[in-house]
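Notes to accompany the following structure.
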């Protein structure tokens, strides 16, 4: 008589997909660990805590000396789409100036990055419940994408003066503008943006988000990075 329930259980297991079985096992493990699903308020608080931590770490890393210049992943190069301009400057005997110009772009970015924290903090404070759930159940860089979407315009305003100040200190900036303007007059060539400040500012912001994305990934992938009970509970239930 006891064989019938066993047979039924076996058929149920066979009929389940691998995803369903994995999900069931995962939920069972959570139950055995004594964890319960986080409340809406816990998700909101946990995501804000994680974002704040990622921002602080990411911003601190890039705002120190060589935060950009010494990191190949985010170092701002001479605009790659105008390599001919760089070559021309070097042919004119301005190789050292070009090198100083590249250093100046990165030093400007490092100085500008100090402006990022309060901008990010405002975005975190304004985060809605729907935003929080979307980040928790979203992609590996959902939090970074949220910050990019809500802060990029303001960051550009904050970063630009610092980058401009750094670039004003090297004469290559002026020569670059003159050469690009002349280059853009050539028929049928793809036009190049002569505004170095705009280029360097955009690259600085992109580099900052690269570092924040790395911090987000650490918290999502590595339980050891979830240093508080709230972070452990919330991120245990990410998809």
Seminar exercise, completed: re region 45-161: pairs of Cα atoms spaced beyond 23 Å account for a percent value of 43
For this session: Give me the compactness ratio for region 40-235, meaning the Cα radius of gyration over 2.2 N^0.38 Å.
Result: 1.19
For this session: Return the distance in nm (one decimal) between the two label points of a simple spin-label model at residue 42 and residue 188, each offset 7 Å from Cα along Cα→Cβ.
Result: 6.7
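Where a number appears in this text, it was derived from the coordinates with a stated rule and is not lab data. Predicted model, so just to flag it, every value in this text is computed and none were measured. Reconstructed Cβ throughout: ideal geometry from the backbone, glycine too, with neighbour counts over all protein chains shown.
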